[in-house]
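First comes the structure, then the notes that go with it.
Laboratory data are not the source of any read-out in this text; all were calculated from the coordinates shown. Since we're looking at a predicted model, the values are computed, not measured. No Cβ is skipped: glycine too gets one built from the backbone with ideal geometry, and neighbour counts run over all protein chains shown.
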Amino acid sequence: MSFGIDDLPVRDELRGKTPYGAPQLDVPVRLNTNENPYPLPEPLVERITERVREAARALNRYPDRDAIELRTKLAEYLTKSGGYEVALGNVWAANGSNEVIQQLLQTFGGPGRTAIGFEPSYSMHALIARGTGTGWISGPRNEDFTIDLAAAEKAIAEHRPDVVFITTPNNPTGNAVPPETVLALYEAAQAAKPSVVIVDEAYIEFSHGSSLLPLLEGRPNLVVSRTMSKAFGAAGLRLGYLAAHPAVVDAVQLVRLPYHLSAITQATALAALEHTDTLLKYVEQLKSERDRLVAELRAIGYDVTESDANFVQFGRFPDAHEAWRKILERGVLVRDNGVPGWLRVTAGTPEENDAFLDAVRELQCLVG
Ligand code: PMP
């Protein structure tokens, strides 16, 4: 018998668990991890190379621990795009928004504390909670995947969580959460504890609506988390950030590792931010491809959840995993998030989306 994880003296809550793992398969059309399908434009690749070359000369030194230049540029981007003025002191950055969330849970969650999310939602919220020793509470949603406000308020009042997650637009369902719902949940969370409310806006640039950044005004326990992995087309860069009251930014520095953002990461992110306007042009194209996917999937006969993101949830399948496998047999990788009856497809290039639509048209003939 081979020696495995469970033979090691690992923490009890990690026993028998599996790591996060969207399959990374080598197939012609990969539409499973909500990446941007367009490679970075050549002038940006050139600019990254220049900036990285410069940074390389100073790699004998630790990087700027506070990432001042990068946070200043991120604040400028948020102010310009989010309809609310944020400054350096309101912004924090880390290696992907997953690390931002981990730092938030290390700061505001932890042993003896709990976090709530309204599921199905981004599965890493629960996994990062587990990794940080934070208890996880699975909050309810309606049949149509909107948040059931009355039930959510009741769950918050009952469990008095220390952290509340609201993902908007939500992953994997795609729908956005109305600002009134976020406000009501924030109020409920403050009345119960008070607790920190994390609004995960990883996909906000693809939304029909606008960012919830203006809600930060007068709400020091609200945090908006963002990423360059989706709209900026830079999932490989690993750069996430948050906007919040400066006290939150001070608080996460109690748990961040010193020099967590490498000089190479900072240089690359700064180069990408110089090309914001070009990168965001792809967002418009992806939004129209997303809308096309919604319309065509409905025309084929699938149920589709309203999407404000760069992906679409479609169903319903008697056996979603079997449907996932059949689509894969046709060379297209989509995502089975474990939501019974539903699958998720990321908006790709027009050609990739056509290949996906052909595959699911054939499938509909088989099941329909
Ligand atoms: N939040 C949500 C809702 C996501 O879907 C993702 C990525 N799938 C992330 C956060 C994490 O993104 P990253 O760590 O690449 O910034």
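Okay, here's what the table says:
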| quantity | calculated |
| --- | --- |
| Fewest-first ranking of VAL163, VAL252, using other Cβ atoms within 10 Å as the exposure measure | VAL252, VAL163 |
| Residue-span extension gain [GLN190 to ASP250] - 0.36 nm each, minus C-alpha spacing | 19.5 nm |
| Vicinal HN-Hα couplings computed from phi for the range 233-240 (Karplus, 6.51 cos²θ - 1.76 cosθ + 1.60; Hz; Gly/Pro x) | x, 10, 4, x, 6, 6, 9, x |
| Rounded D (µm²/s) - the range 17-143, Kirkwood Rh over Cα pairs, Stokes-Einstein at 37 °C, 0.692 mPa s | 178 |
| Burial ranking of peptide ranges 291-302, 198-209, 57-68 (average Cβ count within 10 Å, highest at the top) | 198-209, 291-302, 57-68 |
| Inter-centroid distance (Cα atoms) of the range 306-348 relative to the range 49-99, Å | 35 |
| Pair GLU69, THR18: separation of 7 Å Cα→Cβ label points (nm) | 4.4 |
| Shape call, the chain: gyration tensor on alpha carbons, a/c limit 1.5 | rounded |
| Translational diffusion of the range 246-368, µm² s⁻¹ [Kirkwood Rh, Cα pairs; Stokes-Einstein; 25 °C; 0.890 mPa s] | 144 |
| Ascending count of other beta-carbon atoms within 10 Å, so fewest first, for HIS125, HIS260, HIS245 | HIS260, HIS245, HIS125 |
| Virtual spin-label span in nm between ALA235 and GLU351, 7 Å along Cα→Cβ | 1.9 |
| Mean separation of Cα contacts under 8 Å (6+ apart) over length of the chain, as relative contact order % | 22 |
| Extension gain (nm, one decimal) between LYS281 and ASP303, 0.36 nm per residue minus Cα-Cα | 5.0 nm |
| Whole-Å distance, taken between Cα centres, linking the range 111-183 and the range 202-243 | 17 |
| Helix-only CD estimate at 222 nm, as mean residue ellipticity for the chain, using -39500 (n - 2.57) per DSSP H run (n ≥ 4) | -13000 deg cm²/dmol |
| Cβ-based exposure ranking for LYS73, LYS154, in which fewest neighbours within 10 Å come first | LYS154, LYS73 |
